[in-house]
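The values are calculated or read from the model by the stated rules, or taken from the named source; none is laboratory data. Remember, it's a predicted structure, so these values are computed and weren't measured experimentally. Please note: Cβ atoms are built from the backbone with ideal geometry, for glycine as well, and neighbour counts cover all protein chains shown. Just the protein is used for accessible areas: all its heavy atoms, side chains included, with ligands, DNA and RNA removed. Shrake-Rupley method; radii C 1.70, N 1.55, O 1.52, S 1.80 Å.
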Amino acid sequence: MSVTIRALMGACAIGALGTAALAETTITVATVNNGDMIRMQGLMDAFYEAHPDIKVEWVTLEENVLRQRVTQDVATKGGQFDVMTIGTYEVPIWGERGWLVSLDDLPESYDANDILPAIRGGLTVDGHLYAAPFYGESSMVMYRKDLMEKAGLEMPEAPTWEFIKQAAAAMTDKGSEVYGICLRGKAGWGENMAFLTAMANSYGARWFDMDWKPQFDSEAWKATLTDYLDLMNNYGPPGASSNGFNENLALFQSGKCGMWIDATVAASFVTNPTDSTVADKVGFALAPDNGLGKRGNWLWAWNLGIPAGTQKEEAAKAFVEWATSKEYIDLVASKEGWANVPPGTRTSLYENAEYLAAAPFAQMTLDSINAADPQHPTVDEVPYVGVQFVAIPEFQGIGTAVGQQFSAALAGQVSADQALQSAQQLTEREMMKAGYIK
């Protein structure tokens, strides 16, 4: 072979490598460190098999940090991420502002009409779908059937807060490190304030009246916070002001919680014998009420959205379509069993006999999702949409600031009255600054 031919072949080889490199697209996906998302990262071979020209780099973050990072990136058009894991709070606000790519052109085979109406409604602005749900959830009571029986009690399908207090007292055995109830205490609008806002709804409290005046000086909020602190101080685990979803999940799985009121998506984790020491002892009930016509359950979905301005929209859409498809649900079922598929997004899942047989929590999850009403979240009329949040841009900051006050009260640093007074003052200040009130 002559030097010239060898040089030409070498050049062709280099050219081919260059072409391959150019053809391959790498997208960066920001996601939350929840179990379902971590599981997806272990199943990526199936995506690469179908899309050998796309590579995915993951940025996996704790919930509060994720929110800060993706909000900053999308608002400043930073371009760090091509796909973002965002919640039901962000999607309508960002969609309205033109910050997200519309997903109206997903193929017919994706069957967007199969998405549960309650979940899809929260992701739609002016008839346009701006994110695809990876999993959807409400909240409910998860409890230890054996401890309930030992306490001589029987959990109703639809308990009251009075019953929850009674059961928490009866199930607590601090000497054995068993605590009657575990609830979120970590500060954050999506952490302790998600739980407390939903609880407050069932007590007849609301964030704002119809004139956008904050309501933390109401008797209903005082009753909510007082009962929450009594429950946690008397029957909750030590250090509860640092506990969010993942911390309480670990406590429940290790047998330290008699009851846990939190996201329905946790049901598959607490009943999975691989991870949970109490997998065969868990029962489920609707979130509690106070006899006022509203239960303390929320409505949420973790969704995949594409920021407007990404240079890799086509690849990002291919990933979102795959990760939220019926085929992905089938993939998880084949690898992990039906009980572990991402729940709460598709009607067809709740018509699947195999899923219903494998997931004893399926019907309670669906009932809880359908019972939440974001348009009418509280007993009294309100000017906002959202069950465990207020769908205005200012809520992200206000909700976290109020959450810090309530977390400090749980840590014993301030009284309930001081926390409520501070919440009222800071919320009034921010709402005046934003022009809602004078």
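Within the chain, which DSSP H helices have Cα atoms that stretch 20 Å or more along the helix axis and a mean Kyte-Doolittle hydropathy of at least -1.0? Present the calculation step by step, with values, prior to reporting the outcome.
Numbers: long enough: 3-23 (30 Å, 1.64); 219-235 (23 Å, -0.55); 395-410 (22 Å, 0.64); 416-433 (26 Å, -0.98).
Helices meeting the criterion: 3-23, 219-235, 395-410, 416-433.
For segment 123-265, the per residue solvent-accessible surface stands at 32 Å², with DNA, RNA and ligands left out and a 1.4 Å probe. Largest first, the residues His376, His51 sort by 1.4 Å accessible area into His376, His51.
Spacing of the modelled spin labels on Met210 and Thr226, each 7 Å from Cα toward Cβ, amounts to 2.8 nm. Scattering from segment 202-355 was approximated by placing one identical point on each alpha carbon and applying the Debye formula without solvent; log10 I(q)/I(0) at 0.15, 0.16, 0.21 1/Å stands at -1.05, -1.11, -1.34.
With Cα atoms defining each centre, segment 351-424 and segment 197-211 are spaced 10 Å apart in the structure. Can you tally the net charge around Ser102? Count Lys and Arg as +1, Asp and Glu as -1, for every other residue whose Cβ sits under 15 Å from the Cβ of Ser102. Here the charged neighbours net out to -4. In summary, the convex hull built on the alpha carbon positions of segment 391-438 has an orientation-averaged projected area of 3.3 nm².
First measure r as the distance between the Cβ atoms of Asp275 and Glu394, then evaluate 1/(1 + (r/R0)^6) with R0 = 60 Å and state the FRET efficiency to the nearest 0.05. Spell out each step's value before the answer.
Details: r = 38 Å, r/R0 = 0.64.
It comes out at approximately 0.95.
Kindly report the accessible area of segment 314-353 per residue (heavy atoms of protein chains, probe 1.4 Å, no ligands, DNA or RNA), in Å². If you can, show how the numbers build up before the last one.
Working: 1470 Å² over 40 residues.
That works out to 37 Å² for each residue.
For Leu299, neighbours were defined as the other residues whose beta-carbon sits under 10 Å from its Cβ, and their charges (Lys and Arg +1, Asp and Glu -1) total -2.
Taking each DSSP H run with n ≥ 4 as -39500 (n - 2.57) and averaging over every residue of the chain yields -13000 deg cm²/dmol at 222 nm.
In whole percent, and with a 1.4 Å probe on the protein chains, what portion of the accessible area of segment 99-164 is carbon and sulfur?
Details: 1320 of 2870 Å².
The computed percentage sits at 46.
Here the chain is described by how far its Cα atoms reach on the three principal axes: 89, 55, 39 Å, from widest to narrowest. If you take the square roots of the eigenvalues of the alpha-carbon gyration tensor of segment 51-119 and sort them as a ≥ b ≥ c, do you get rounded (a/c under 1.5), prolate (a/b over b/c) or oblate? The shape class here is oblate.
Near Asp53, once Lys and Arg are set to +1 and Asp and Glu to -1 for all other residues with Cβ below 11 Å from its Cβ, the sum equals -1.
Note on Asn233/Ser102: beta-carbon distance plugged into 1/(1 + (r/R0)^6) with R0 of 60 Å gives a FRET efficiency of 0.80. Heavy atoms only, probe 1.4 Å: what % of the accessible area of segment 286-386 goes to carbon and sulfur, would you let me know? Here carbon and sulfur together make up 47 percent of the probe-accessible area. Loop-only check: which chymotrypsin sites (Phe, Trp or Tyr not before Pro) in segment 37-94 are DSSP coil with at most 12 other Cβ within 10 angstrom? Sparse-neighbourhood loop chymotrypsin sites (Phe, Trp or Tyr not before Pro): none present.
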